[in-house]
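Below: one structure, written as structure tokens.
The values are calculated or read from the model by the stated rules, or taken from the named source; none is laboratory data. Here the structure is a predicted model, which is why all the values come from computation and not from measurement. Every residue, glycine as well, gets a Cβ built from its backbone with ideal geometry; the counts of neighbours run over all protein chains shown. Areas reflect the complete protein model, heavy atoms only, side chains present, ligands, DNA and RNA absent. Shrake-Rupley method; radii C 1.70, N 1.55, O 1.52, S 1.80 Å.
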Amino acid sequence: MADIAVTLADKRGTLPADDKLGFGKIFTDHMFVMDYETGKGWFDARIVPYGDFDISPAAMVLHYGQAIFEGMKAFRTEDNRIVVYRPVDHLKRFNNSADILSIPQMDVDLLHAGLNKLIEIDKDWVPQSLGTSLYIRPFVISVDPFVGVKVADEYKLLIILSPVGAYYASGFKPVKIKVEEHFVRAVKGGLGEAKTPANYAASLKASEEAQKEGYTQVLWLDALEQKYIEEVGTMNIFFKIDDEIITPELNGSILNGITRRSVIQVAQDWGLKVTERRISIDEVYAVHAEGRLQEVFGSGTAAVISPVGELSWKGKNIVINNNQTGATSQKLFDYITSIQQGRVADKFGWIGEVTKI
Ligand SMILES: *Cc1c(COP(=O)(O)O)cnc(C)c1O
């Protein structure tokens with residue numbers, strides 16, 4: 001495996017108090033960087049002081065958006081170990097996104113080693129109190145100075161780290177969601193299964209309008225018929241109906257969430273029936289009318305579990321579980337976060353250890 005050169009920062013910053021962290025605003029002292037050129041492959045894996053870097057105004061990513069990213073978390077356990085949640089699964093998905101965007105494949109072992117080394121160097125930035133974590137953002141951008149559409153020949157890969165506060169500082173609060181009837185997020189055969197900036201750009205207008213109308217986020221329906229449920233905001237979505245857990249099946253336009261996988265595996269392990277299938281918004285409203293819709297929740301790295309308390313579709317609102325967090329949502333949140341923070345045994349082998357301090 002290629003060596004990872006390290007250049008340490010002259011000055012180190014300090015981790016703010018846990019209640020001042022927020023999300024995605026504070027960055028650590030170092031970052032991992034690697035370059036790619038056609039004919040040469042990925043080269044020059046290195047850890048350098050965190051900071052701005054130069055790219056050409058003609059860099060292709062600025063014009064055509066050929067880029068991908070990941071989002072995962074590291075935690076400091078009560079016994080002071082630093083662990084990463086499902087790092088290899090995230091890095092494999094990074095390569096899947098790369099494939100979809102015609103970006104060259106990366107060496108997962110090298111990235112994993114680089115990530116662990118980076119976290120170890122910046123270990124003082126990993127917060128400890130309940131709910132806090134170190135958010136990890138790997139990304140690749142195309143950097144050839146070229147104005148013209150083609151697959152790029154030069155890329156830059158970076159991993160940056162950001163200590164983040166507890167998502168639910170004052171406990172769970174079920175969110176109010178608008179079922180989107182006009183805009184769509186992704187189409188089959190498009191980029192929906194990739195973590196790529198384009199999908200987020202495509203979601204902004206709908207989110208902005210929903211927020212103006214008093215909703216937290218939108219629930220996306222399929223692009224063709226606007227009938228089948230895809231995702232909620234930037235999370236996967238689950239329904240509990242007649243004690244069965246149902247989530248839309250992966251179809252190419254839905255992001256293959258790692259938290260989604262965790263939820264499915266844990267729920268099955270608890271003996272719950274879990275089904276991945278198409279589910280229409282009509283069905284959700286119908287089972288709600290019959291009193292059979294018990295819970296709705298989103299899943300994603302940032303929030304882990306996000307209970308949905310209210311849905312609005314074509315001007316008709318439904319309230320789920322009296323706008324209270326459901327028992328299964330709460331139990332999944334408690335259990336998955338306990339694995340992440342090393343409070344219960346890692347029976348699924350999801351924890352990657354960085355270092356014991
Ligand atoms: C990242 C993401 C998710 C959630 O995936 P996790 O791996 O659970 O964080 C869901 N939907 C979209 C669109 C995403 O980008």
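Just subtract the alpha-carbon distance of residue 244 and residue 270 from 0.36 nm times their residue separation and send over the number in nm, one decimal.
Working: separation 26, 0.36 × 26 = 9.36 nm, distance 1.20 nm.
The span from residue 244 to residue 270 would gain 8.2 nm if fully extended.
Return the carbon/sulfur percentage of the accessible area of segment 84-143, one whole number, probe 1.4 Å, all protein chains in place.
Working: 950 of 1980 Å².
Summing carbon and sulfur atoms, their accessible area is 48 percent of the total for segment 84-143.
Quick one: grab Rg to one decimal and Dmax as a whole number for segment 95-173, Cα atoms only, in Å.
Values for segment 95-173 (Cα only, Rg and Dmax): 16.9, 49 Å.
How many times 2.2 N^0.38 Å is the alpha carbon radius of gyration of the chain?
Values: Rg = 20.8 Å, N = 357, 2.2 N^0.38 = 20.5 Å.
Rounded to two decimals, the normalised Rg is 1.01.
State the answer as a single residue: which of 233, 321, 247 lies farthest towards the positive end of the charge dipole of the chain, with beta carbon charges of +1 for Lys and Arg and -1 for Asp and Glu, about the Cα centre.
In the chain, that residue is 321.
Considering the options 4, 256, 56, tell which one lies farthest towards the positive end of the dipole of the chain, charges being +1 on Lys and Arg and -1 on Asp and Glu at the Cβ, about the Cα centre.
256
At a 1.4 Å probe radius, carbon and sulfur cover how many percent of the accessible area of segment 215-270?
The value for segment 215-270 is 40 percent carbon and sulfur by accessible area.
Listed here are the pairs 25/123; 20/117; 176/240; 227/316; 227/314; which of them are more than 20 Å apart at the Cα? It would help to have the intermediate numbers written out before the result.
Working: 25/123 18 Å; 20/117 26 Å; 176/240 17 Å; 227/316 15 Å; 227/314 12 Å.
Beyond 20 Å: 20/117.
Pairs of alpha-carbon atoms within less than 8 angstrom and 6+ residues apart define the contacts here; what relative contact order does the chain have, in percent?
Working: 750 pairs, mean separation 67.8, N = 357.
RCO, the chain: 19 percent.
Could you do me a favour and compute the accessible area per residue for the chain, 1.4 Å probe, result in Å²?
44
Please list the three semi-axes, largest first and in whole Å, of the ellipsoid equivalent to segment 175-340, using sqrt of 5 times the eigenvalues of its alpha carbon gyration tensor.
22, 19, 15
Using 1/(1 + (r/R0)^6) with R0 = 35 angstrom and r between the beta carbons of residue 35 and residue 12, what's the FRET efficiency to the nearest 0.05?
It comes out at approximately 0.85.
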